[in-house]
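Structure first, commentary second.
The values are calculated or read from the model by the stated rules, or taken from the named source; none is laboratory data. Predicted model, so just to flag it, every value in this text is computed and none were measured. Neighbour counts run over all protein chains shown; Cβ positions are idealised from the backbone, glycine included. Please note that ligands, DNA and RNA were not included when accessible areas were found on the heavy atoms of the full protein model with its side chains. Shrake-Rupley method; radii C 1.70, N 1.55, O 1.52, S 1.80 Å.
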Amino acid sequence: MSVHVSTHPLVRHKQTQLRDIKTDPAAFRALVRELAQLLFFEAAGDLRVEPASVPTPLTTYSGERVAETVGLLPILRAGLGMAGAVLDLLPTAQVWHLGLYRDHQTLKPVTYYNKLPPTPALDLAVVLDPMLATGGSAAAVIDILQQRAIGRIKFIGLIAAPEGVRAMREGFPEVSLHLGAMDSHLNEVGYIIPGLGDAGDRQFGTE
Ligand code: PRP
Ligand code: URA
């Protein structure tokens, strides 16, 4: 498995602001968007391109265009804020929403919404979720994708715990992880330490 933790100064700067308890939901959402774009930019470095010529005002330019069908899979709720941002960078991407929440007692994911068709025609699936904690939610989504024969999968997360990365590495070594930061550990109720709290609540102003 490949695990990329961004070392880009802008990512380090913005994820520090994101964690700050004083960052309000509006600023939090803006930072989620910016970080999602920066991480997608890094993750998309191996997208296949094909030749494409365009007329310029002076002549013809022989350039390239992205040749892959990319599907974005934001995990509701917290992944929602990342999807629009990534779609702005790659407007041809398809967006497939998946709704999962963690049961607070068991920490196991509960799927409540799945918009994926049985056989989505995707070359690459990009799962978007700010937090990789136990890894249970990400694993449930990867299972759903693999049942639909989607082979090439990337996961983009803003903050991960080592426990979640380990679970992904053991369960899904073929999935590449693109992360904004790797934190210390999970606390006794499954929150990432130091983390940022609840990514959904902080984006949408709920508790
Ligand atoms: C959060 C987060 C991930 C999940 C990560 O969602 O957005 O989906 O927890 O935890 P895990 O790695 O232990 O599965 P949450 O359950 O809080 O739902 P929400 O986005 O609706 O608030
Ligand atoms: N989900 C969150 O939103 N935050 C955590 O720290 C862990 C899971």
Check your understanding: Is there any pair with a first residue in region 131-149 that is closer than 16 Å to TYR113 by Cβ and a second that is small (Gly, Ala, Ser) and more than 8 Å from ligand 2 (Cβ to nearest atom) whose Cβ atoms are under 7 Å apart and which are 6 or more apart or on different chains, and what are they?
Key -> LEU145/ALA125
Check your understanding: Only one of these conditions is not met by VAL110: (1) within 19 Å of ARG33 (Cβ to Cβ); (2) in a strand (DSSP E or B); (3) away from ligand 2 (no atom under 12 Å from the Cβ). Which number is it?
Key -> (1)
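Open to solvent by 50 Å² or more (accessible area, probe 1.4 Å) and within 11 Å of ligand 1 (Cβ to nearest atom): which single residue out of GLU163, GLU170, GLU174 fits that description? I'd like the intermediate steps shown before the answer.
Numbers: GLU170 fails: within 11 Å of ligand 1 (Cβ to nearest atom); GLU174 fails: within 11 Å of ligand 1 (Cβ to nearest atom).
Answer to the check: GLU163.
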Review point. Which of the residues belonging to region 110-134 are within 16 Å of ligand 1 (Cβ to nearest atom) and over 15 Å from PRO74 (Cβ atoms)?
Key: VAL110, ALA133, THR134
Review point. Taking only pairs six or more apart or across chains, which ones have beta-carbon atoms under 6 Å, a first residue in region 60-87 that is more than 18 Å from PRO120 (Cα to Cα), and a second residue that is within 15 Å of ligand 1 (Cβ to nearest atom) and among the small types (Gly, Ala, Ser)?
Key: LEU76/GLY99; ARG77/GLY200; ALA78/ALA199; ALA78/GLY200; MET82/ALA36; ALA85/ALA36; VAL86/ALA36
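Residues ARG77, ARG48, ARG33: which one is of a type in the set (Lys, Arg), open to solvent by 50 Å² or more (accessible area, probe 1.4 Å) and more than 30 Å from HIS13 (Cβ to Cβ)? Lay out the reasoning, then the answer.
Values: ARG77 fails: more than 30 Å from HIS13 (Cβ to Cβ); ARG33 fails: more than 30 Å from HIS13 (Cβ to Cβ).
Going through ARG77, ARG48, ARG33 in turn, the sole match is ARG48.
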Exercise for review: Hey, can you tell me all the residues within region 130-159 that are under 17 Å from GLU42 (Cα atoms) and open to solvent by less than 10 Å² (accessible area, probe 1.4 Å)?
Suggested key: PRO130, ILE153, PHE155, ILE156, GLY157, LEU158, ILE159
Study note, to complete from the structure: Within region 117-143, the residues that are out of contact with any strand residue (DSSP E or B) (no Cβ under 7 Å at 6 or more places or on another chain) and either hydrophobic (A, V, I, L, M, F, W, C) or on the phi > 0 side of the Ramachandran plot (or both) are ALA121, GLY135, ALA139
Point to revise | The one condition in (1) in contact (Cβ under 8 Å) with a residue 24 or more places away in the chain; (2) closer than 27 Å to ILE192 by Cα; (3) open to solvent by 40 Å² or more (accessible area, probe 1.4 Å) that VAL127 fails to fulfil | key: (3)
